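I have placed the structure first, in the form of structure tokens, so that the comments after it can refer back to it.
The values are calculated or read from the model by the stated rules, or taken from the named source; none is laboratory data. Quantities reported herein were computed from a predicted structural model and do not represent experimental measurements. Positions of Cβ are backbone-derived with ideal geometry, glycine not excepted, and every protein chain shown enters the neighbour counts.
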Ligand code: SF4
Ligand code: SF4
Ligand code: FES
């Protein structure tokens, strides 16, 4: 808490300046706890941590290109009941968007929550990150931005970012109270902070901070990033639609799925607290498998793989934010995100809905009107 | 192709379409034998899983039929069902499942004639589409 500790932090880079901001929030901002990603001391990875002690911020790194999980799931756990004292959560854009969906599904609450969004240039998959980070993960983070500012497919050490990130149209956080800027920024200087809501403004005033000016190169860098990402996305969509354009092709796409259901565990918006596919509804009687096998003479086991995936689409494709955690979690390298994003694109368009866009837009299946969609029930006979 | 007799799984509401189907039968209106009827208490209870499972098991088409708006015994089960059917059609279209293979209608208890006509029409439509190839293929 001494002045020297502060000044050594202040003179450094984007990471340490963010740590200082968080420190001020805990000390003077009336924030009782902060949920933020940090490098774990026991393993070369980055995980969300809930911090109450301002002296525990040394390993905090909200910019690390590591995306172990979608933190919206954790925020949902913290806000299942409304918070008694203010908590701040530091999230990527896709985590905020997933959390917005969970709040609308009554699995999270915004009361007393301050959302700090970080602009996001992407991240590596869970297998690649430790290779990328090496033994000096903080330095690796800074190195990442030098390369990533140049475009979406930047490879470092021959490693490419996760496809979900390369195809993401939301590098700038929406629905955040404060935004920490990195796009076009020099990470060897302090990170910029802007308030987007009254809540955010009040907090900055409380800790005596001015909003920082955004870097001069930001607009151009953002435009370039968006252009590259949209091009990547469009190509990814076209290839995925082609690869799964009928049920036979879908079966070949999912052919090595082992029904582990990791994709739905990792998915932040798979909202059922108990998935029906893991209940005894699907714990079939042994004789049942034999009856099914006899029908066609052959039965693939485990069964119900395509059934599971299409059912999941029916449950959550309207809420899919394209975060890519499903692909990240798949043990067999199935391109789950690519598939679900193309389906989400169709279903969200059908209902004029965009997952994560706004707290006030009702999720399509939680509402209805008396007069709508006449084509669905039109009698053609 | 002429000997292809489509199998249509029909999820029908107890309070309306089920009675209409009964009426169609007792009034000896022509009613194709292609329909396998599953009586539900409301179309609002038709879980999308039922429709997906029916199609993956090789059903050639699925019919979901319930009360007209305003007549649903659970107030708005039918209006919720309409959104679910819209969603299912959008998902399945993505995998080239022809949208004629999923149909939703509102048929009141007295509309036996309409029920017969809709089923007959559906059979014709599905005959033109041909059989659901999953009936013979191994589904994973
Ligand atoms: S389906 Fe995949 S991409 Fe979509 S929200 Fe879930 S984990 Fe993210
Ligand atoms: S994580 Fe991969 S293998 Fe596991 S259920 Fe999902 S798609 Fe299948
Ligand atoms: S009771 Fe018939 S559709 Fe709801």
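Conditions (1) in a helix (DSSP H, G or I); (2) at pLDDT 95 or above, marked per residue:
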site	(1), (2)
B:49	yes, yes
B:63	no, yes
B:89	yes, yes
B:100	yes, no
B:117	yes, no
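Given the structure, is residue B:24 closer than 15 Å to residue B:120 by Cβ, surrounded by 14 or more Cβ atoms within 10 Å (Cβ to Cβ) and within 14 Å of ligand 3 (Cβ to nearest atom)?
no
Check residue A:314 against each of (1) within 15 Å of ligand 1 (Cβ to nearest atom); (2) more than 8 Å from every other protein chain (Cβ to nearest Cβ); (3) not in a loop (DSSP other than H, G, I, E, B) and name the one condition it does not meet.
(2)
How do the helices (runs of 4 or more DSSP H) wholly within segment A:173-272 filter down when requiring 2 or more residues that are more than 16 Å from ligand 1 (Cβ to nearest atom) and away from chain B (no Cβ under 14 Å): which remain?
Ranges flagged: A:198-206, A:218-243.
Mind checking which residues of segment A:340-367 are more than 9 Å from ligand 1 (Cβ to nearest atom), touching a residue at least 60 places away in the same chain (Cβ under 8 Å) and under 22 Å from residue A:246 (Cβ atoms)?
A:342, A:345
I'm checking my understanding of the structure. Among residues of segment B:44-76 that are at the interface with chain A (Cβ under 10 Å from one of its Cβ atoms) and touching a residue at least 60 places away in the same chain (Cβ under 8 Å), which one is nearest to ligand 3 (Cβ to nearest atom)?
In this case the residue turns out to be B:55.
Condition first: outside any loop (DSSP other than H, G, I, E, B) and closer than 18 Å to residue A:200 by Cβ. Now tell me which residues in segment A:77-96 satisfy that.
Matches in segment A:77-96: A:87, A:88, A:89, A:90, A:91, A:93, A:95, A:96.
I need the full set of residues from segment A:317-339 which are near ligand 2 (Cβ under 10 Å from one of its atoms), within 14 Å of another protein chain (Cβ to nearest Cβ) and in a helix (DSSP H, G or I), in order please.
A:339
If you go through segment B:120-129, how many residues are facing chain A (nearest Cβ under 9 Å) and buried (at least 23 other Cβ atoms within 10 Å of the Cβ)?
The total comes to 1.
In this structure, is residue A:31 in contact (Cβ under 8 Å) with a residue 40 or more places away in the chain, crowded, with 20+ Cβ neighbours inside 10 Å and more than 18 Å from the chain's Cα centre (by Cα)?
Yes: the conditions hold for residue A:31.
When you go through A:103, A:74 one by one, which is the residue that is without any contact (Cβ under 8 Å) to a residue 40 or more places away in the chain and either in a helix (DSSP H, G or I) or over 23 Å from residue A:25 (Cα atoms) (or both)?
A:74
Any residue in segment A:243-262 that is without any contact (Cβ under 8 Å) to a residue 40 or more places away in the chain sitting within a Cβ distance under 8 Å of a residue that is within 16 Å of ligand 1 (Cβ to nearest atom)? List the pairs, counting only those 6 or more apart or interchain.
Qualifying pairs under 8 Å: A:243/A:253.
Kindly evaluate residue A:342 against the criterion of being surrounded by 16 or more Cβ atoms within 10 Å (Cβ to Cβ) and more than 30 Å from residue A:173 (Cα to Cα).
So residue A:342 fails the test.
One residue is enough: does segment A:284-297 have a residue meeting the conditions more than 16 Å from ligand 2 (Cβ to nearest atom), on the phi > 0 side of the Ramachandran plot and more than 8 Å from chain B (Cβ to nearest Cβ)?
yes
Take the residues in segment A:244-261 that are surrounded by fewer than 17 Cβ atoms within 10 Å (Cβ to Cβ) and over 16 Å from residue A:301 (Cα atoms); name whichever of them is nearest to ligand 3 (Cβ to nearest atom).
It comes out as A:246.
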